C-alpha cells in the first residue's frame, strides 16, 4: 500500500507546486496563478466560527506526519472526544491547511449516527505549514488543534 | 468516476463503530497548474460535495475543496444500527456525480 500511494503521489507532485503561491521564489512570483477559491487562514476561520472564539483543546486530536516526504499526499486523521449522543455531539470537523492558497480542505458535518467523531483524509500541502482541525460542538463552542507538517520535497515550494 | 467503499473491520455486529473509507478516482485539479506544452491553465476540477446516507438517512455531509489529494480518500466512523444500504453520493464542481452503494450486513 505504501509503495502504491507513493507512486500515485509521485505523478502529482507537479500539481502542488503552485498550491502555495506566497512562498514560491521570486521567479515564480511573477507568473503565479490565483486559484479559483483563494482564501486565507483568518478569513476561513472567521467564516467557520462566525466570530466566536476558538479554543485550543486536548479533546481534538489531529494525527499528521511531522515530516512529509511528499506534500502531494499527506495523511491527516482527526478524532474528537465526544459521546456523540443526541444532546452532546460534534456537529462538524473542519480541516484547514494554514498556508495553502485556499486553506480550506474539508468541512465535515457529522450526526450522532456516526458513533464516533472521526475524519480521515489525504491532503496536498504546498509547503511546511500547520494543519489545523476545528471541531464545532453541539453546544456552539469551537475547539481546535494543530499539527505542524514539514514538507521536504523541493517541488512543492 | 470510479469509486470504492471499504468497511473496516470486515466483520462487525450491530452497535459496533466501524470505519467507512470512501475513495474516488478523480484528478482534483486545483486550477493553478499549467499545461507544460501549451502554458494554458488547467481548469479546476475537484469533488466539492460528498454525502453518506444509510437507508436514505443522511449520516455525514462533506464540503471539500481542491486541497485534497488526487484520488481522494475520505474516512468516517459509523455506528452500525442494523442491516441496510450505505450510499455515498459524490459530486464535483463540473456537475459530474456518482452514486456508490455498499450493503451493510452485520453478523450477530
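Only the coordinates and a few stated rules stand behind these numbers; no lab work does. Worth saying up front: this structure is predicted, and the values here are computed from it rather than measured. Here the Cβ positions follow ideal geometry from the backbone for every residue, glycine too, while neighbour counts run over all protein chains shown.
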### Message
For chain B, place one equal point scatterer on every Cα, skip the solvent, and apply the Debye formula. What is log10 of I(q)/I(0) at q = 0.16 Å⁻¹?
### Response
-0.71
#### Entry: Quotient of C-alpha Rg and 2.2 N^0.38 Å, computed over the protein assembly as shown
1.00
### Query
Once you sort the root eigenvalues of the Cα gyration tensor of the stretch A:95-157 as a ≥ b ≥ c, which label holds: rounded (a/c under 1.5), prolate (a/b larger than b/c) or oblate (the other case)?
prolate
### Task
Quick one: compute the contact order of chain B, relative version, from alpha carbon pairs under 8 angstrom and 6+ residues apart, as a percent.
31
### the stretch A:135-149 versus the stretch B:36-67: alpha-carbon centroid distance in Å
23
### Task
Extending each Cα 7 Å along its Cβ direction at residue B:41 and residue B:97, get the distance between those two points in nm, one decimal.
2.8
### Query
How many angstrom lie between the C-alpha centres of the stretch B:82-108 and the stretch A:94-114?
21
### Message
If R₀ is 25 angstrom, what is the calculated FRET efficiency for the pair residue A:42 and residue B:34, using the beta carbon separation as r and rounding to 0.05?
### Response
0.30
